[in-house]
Amino acid sequence: MALTKMAGTHHPLHFRGRVHESRGDKALDRLMKSSVGRIASLSALGLTHRGLSSLFRTLLADPRRSLVNLVELKLSHDWMGVEASAVVLPHLPRLQTLDLLDVTVELQAADIMSFPSLRTANFTSTWYTDDSFRGLIRILQGSPTLERLVIDYTEGAWPSGWSLDGALSGVSVPLHMLDVIIMNSVEPSAVIRIGGALDMPKCSPVFGYVNDWVSGPELLKSQPNAHCHILQSFASCTCQLTIKFLKTHLNTLALILQPVVPEKDRKCRCPTFSVAFQEKPDTLDPFVRLGDAIKSVPNIQSRVMTIYLSLSDLSLISGSDAIEKEWKKLFSSLSSLKELHLLNVSLFDDSLRTLVQTFNADPMIGGELLSVNVEFQASDIATNSLLDEESLNRDGVREILWYALAANCEKLRFLELGPVPVGVCTDEEWCMQWHDILQLLLTRRQE
Ligand SMILES: [Zn+2]
């Protein structure tokens with residue numbers, strides 16, 4: 001064992017380190033045993049089969065002492081080494097944060113509230129076993145004050161719904177304080193079963209998928225028949241929905257379906273569906289799949305009102321007919337769309353042209369559209385000298401494209417392009433087009 005003591009002798013103790021079972025440090029063992037009641041945080045990486053379990057045996061060897069002041073516990077296991085043995089955790093009355101990576105847990109006494117102060121729990125697994133999942137459920141059953149729960153299975157380690165049936169049969173887990181549950185890379189049928197077992201009346205769940213274009217839409221499609229109250233309430237809700245493709249506050253590129261109203265103001269408990277990308281997508285396939293899933297559930301299709309697309313976060317192969325077809329598939333499945341927001345638009349990117357042409361080519365697309373809002377990339381706005389005659393003709397700003405869009409989407413009332421790049425807004429042709437657009441929209445607004 002090679003733990004490092006991080007604080008002074010008269011204060012709460014913080015331990016962090018790697019744990020072997022065989023190489024004991026006697027002095028450190030003695031210190032930990034005698035100071036067990038002062039340990040406030042413990043972060044340990046198990047390097048051997050029984051590394052973590054022997055650590056807890058050492059800490060809890062004296063029944064007169066307990067981890068009464070432990071607030072934060074982080075345990076991980078080096079899966080590259082050997083299979084981990086289960087860690088037996090005692091009653092931890094002040095524990096607020098629990099973080100487990102590839103660690104299976106058993107409880108010393110399963111019949112008492114093991115973690116009555118727990119607020120945040122993160123369970124990350126690169127593998128799945130029934131025992132590890134049962135341990136997770138038992139922790140949740142002993143944590144009535146839990147506010148935030150993350151269940152994260154690394155891609156390829158999804159528990160399948162069926163294998164969870166044994167662990168979840170007859171189980172109900174009251175989590176009445178839970179605000180957020182994030183199920184990341186969990187297989188749809190497993191999400192349905194886990195979501196059906198947890199009783200969380202105020203929670204807004206997030207179902208996240210890493211680079212997976214199938215699971216999120218599958219979940220959406222399967223939910224009208226699902227035995228999962230979260231998904232049932234989503235299907236029967238009436239709240240307006242939005243699609244977003246952009247970088248989230250964590251700088252992750254994601255395709256998201258969620259209620260329009262921000263979570264803090266939301267009255268319903270509708271979930272957020274999210275697909276995260278490790279790289280910019282080079283096809284619109286994930287968008288098409290999302291559109292297909294939305295189309296298959298009429299009550300969801302009629303609620304998708306707005307879409308936000310960060311165009312420069314797409315890396316589409318330019319000049320391909322396939323792109324226009326895919327845009328067409330996506331937007332024809334969004335028949336109730338009222339607002340289109342295009343973000344990070346680059347003047348020199350074909351995505352814009354193909355997208356706008358999609359609206360112009362088919363009167364059925366964008367038929368309900370009321371407003372279009374375009375924000376150019378900051379680097380393009382000041383672009384002046386770069387705009388030669390050829391690029392002006394090529395870009396999607398000066399062309400008559402925009403007038404065509406306004407004319408073809410018959411319900412369109414508002415078109416905001418701003419700020420228009422310097423080299424464009426002084427151009428005579430552009431000024432004429434913009435004048436005509438304003439006239440058209442103004443006439444409609446007065447009707
Ligand atoms: Zn809702």
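Laboratory data are not the source of any read-out in this text; all were calculated from the coordinates shown. Everything numeric in this text was worked out from a predicted model, so none of it was measured. Counting neighbours? That spans all protein chains shown, and the Cβs are built from the backbone with ideal geometry, glycine included.
Mind checking the range 213-281 for GluC sites (Glu not before Pro) that DSSP puts in a loop (not H, G, I, E or B) and that have at most 11 other Cβ atoms within 10 Å? All intermediate terms of the calculation are to be shown ahead of the outcome.
On the way: sites: 218, 263, 279; in loops: 279.
Sites meeting the loop and neighbour criteria: 279.
Can you order the peptides 72-80, 193-201 by their average number of other Cβ atoms within 10 Å per residue, highest first?
193-201, 72-80
What does the helix-only formula give at 222 nm for the chain: each DSSP H stretch with n ≥ 4 adding -39500 (n - 2.57), the total divided by the residues, and the result rounded to the nearest 500 deg cm²/dmol?
Details: 16 runs with 144 residues, N = 447.
-9000 deg cm²/dmol, from helical runs alone.
May I ask for the Kirkwood hydrodynamic radius of the range 223-308, worked out over all distinct Cα pairs and given in angstroms to one decimal? Display every interim value, and only then the final one.
Working: mean 1/r = 0.0729 Å⁻¹.
Value: 13.7 Å, from the Cα pair sum.
May I ask you to derive the FRET efficiency for residue 199 and residue 378 from their Cβ-Cβ distance with R0 = 41 Å, giving the value to the nearest 0.05?
On the way: r = 47 Å, r/R0 = 1.14.
Calculated transfer efficiency: 0.30.
At what distance in nm do the modelled label points of residue 172 and residue 154 sit from each other, each positioned 7 Å from its Cα along Cα→Cβ?
For residue 172 paired with residue 154, the spin-label model returns 3.7 nm.
Place a +1 charge on the Cβ of each Lys and Arg in the chain and a -1 charge on the Cβ of each Asp and Glu, then give the dipole magnitude about the Cα centre in debye, rounded to the nearest 20.
Details: 42 positive and 51 negative charges, 540 e Å.
It works out to roughly 2600 debye.
Tally the DSSP beta bridges in the chain and give the antiparallel ones as a percent, rounded to 5. Can you show the working numbers first?
Working: 16 of 83 bridges.
Restricted to the chain, the bridges split so that about 20 percent are antiparallel.
GNM on the chain, C-alpha springs below 10 Å: top fluctuator among 401, 28, 337?
Judging by the Gaussian network model, the answer is 28.
How far, in nm, would the chain grow between residue 86 and residue 336 when pulled straight, counting 0.36 nm per residue and subtracting the alpha carbon separation?
Numbers: separation 250, 0.36 × 250 = 90.00 nm, distance 5.17 nm.
Additional length available on full extension: 84.8 nm.
Using alpha carbons only, how many angstrom separate the centre of the range 321-354 from the centre of the range 80-150?
45
So if R0 is 35 Å, what FRET efficiency would residue 299 and residue 131 give, r being the distance between their Cβ atoms, rounded to the nearest 0.05?
0.35
Roughly what percent of Cα-Cα pairs across the range 36-128 reach past 21 Å?
Values: 1127 of 4278 pairs.
Cα-Cα pairs of the range 36-128 separated by over 21 Å account for 26 percent.
Have a look at 42, 143, 68 and report the one farthest towards the positive end of the charge dipole of the range 37-179, computed about the Cα centre with Cβ charges (Lys/Arg +1, Asp/Glu -1).
68
So, R0 is 22 Å and r is the distance between the beta-carbons of residue 321 and residue 279; what FRET efficiency does that work out to, to 0.05?
On the way: r = 23 Å, r/R0 = 1.06.
The computed FRET efficiency comes out at 0.40.
With N set to the residue count of the chain, report its C-alpha Rg divided by 2.2 N^0.38 Å to two decimal places. Write out the running numbers ahead of the final one.
Details: Rg = 27.4 Å, N = 447, 2.2 N^0.38 = 22.4 Å.
Taking the Cα Rg and dividing by 2.2 N^0.38 Å, one obtains 1.22.
Find the relative contact order for the chain and round it to a whole percent, using C-alpha pairs within less than 8 Å whose residues are 6+ positions apart.
Values: 970 pairs, mean separation 31.9, N = 447.
For the chain, the relative contact order is 7 percent.
Evaluate the distance, in nm, between pseudo-label points positioned 7 Å from the Cα of residue 78 and of residue 443 along their respective Cα→Cβ axes.
Simple spin-label model gives 7.5 nm for this pair.
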